[in-house]
Amino acid sequence: MALILNIETATKNCSVALASDGKCIACKEIAEQNFSHAEKLHVFIEELLFENQLKFSDLAAVAVSQGPGSYTGLRIGVSSAKGFCYSLNIPLIAIDTLQLLAKKIKVHDGIIVPMIDARRMEVFTAFYDKHHNQIRNTQAEIIDETSYQEIKDTIHLVGDGTDKLKNTLTNTKFIFHSDVIFPSANEMCDLSFEKYQTSNFEDVAYFEPYYLKDFVLNK
């Protein structure tokens, strides 16, 4: 049995899941306007282990959402994951945040476009097919009325970056899944197990989050 701790903190959602051989055992998460990751993350992890009568020594690996997303959120999640891996001498697994967001919905046709808010009219985004395979590279993209004009397929929009675009992307090919806002550690479970099986691990000492953009301090 491969027990993997999955950590997702790239957005306002502080999310943790325990998985056994790719199946989610339990998940705890909370999304708050003010980031509470520093206060909640380790509490959630300890509660999940205790409630399922498990110990840190039972973990086979730790998986973390690598970004893009919030600079602060990513730093907290990645730092915690690296600390666990280093102290327990277990592998670190990185999962793309936008793929997790895309996996929140199931569609029969069209393109899934997860969007994480990057402020103003900019979003972190990528394209995924109906099987959640990435078909366009991750970008920081400014959206306007001309965006995606060349695409004829249905475009399914998910994430906290989509709400501000409802008056901009008005073509009927755009479908807004407004109930899907944040990525979750729950969708990490099968992905992290796949990487565990193929030993697709990160270097604990040198791994850094995928910020996509340089951090800018608001004044």
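Throughout, read-outs are computed from the coordinates displayed, never taken from laboratory work. These figures come from a predicted structure and were not determined experimentally. Positions of Cβ are backbone-derived with ideal geometry, glycine not excepted, and every protein chain shown enters the neighbour counts.
Packing, as the average of other Cβ atoms within 10 Å across residues, places the peptides 44-52, 132-140 in the order 44-52, 132-140, highest first. In the chain, helical runs assigned H by DSSP with n ≥ 4 each contribute -39500 (n - 2.57); averaged across all residues and rounded to the nearest 500, the mean residue ellipticity at 222 nm is -7000 deg cm²/dmol.
Report the relative contact order of the chain, percent, no decimals, based on alpha-carbon pairs under 8 angstrom and at least 6 residues apart. All intermediate terms of the calculation are to be shown ahead of the outcome.
Working: 466 pairs, mean separation 52.9, N = 219.
Answer for the chain is 24 percent.
Helix 71-88 versus the longest principal axis of the chain: what angle, 0 to 90°, nearest 10, using Cα atoms? Approximately 30 degrees, to the nearest 10. For K23, a cut-off of 25 angstrom between C-alpha atoms picks up these lysines, skipping any fewer than 8 places away in its own chain: K12, K40, K55, K82, K103, K104, K106, K130, K195.
Of the labelled figures (i) 1.17; (ii) 0.97; (iii) 1.02, only one reflects Cα Rg over 2.2 N^0.38 Å as derived from the coordinates, namely (iii). Centre-to-centre separation between the Cα atoms of region 93-166 and those of region 6-54: 24 Å.
Descending by average beta-carbon neighbour count within 10 Å, the peptides 174-181, 93-100, 197-204 line up as 93-100, 174-181, 197-204, the highest first.
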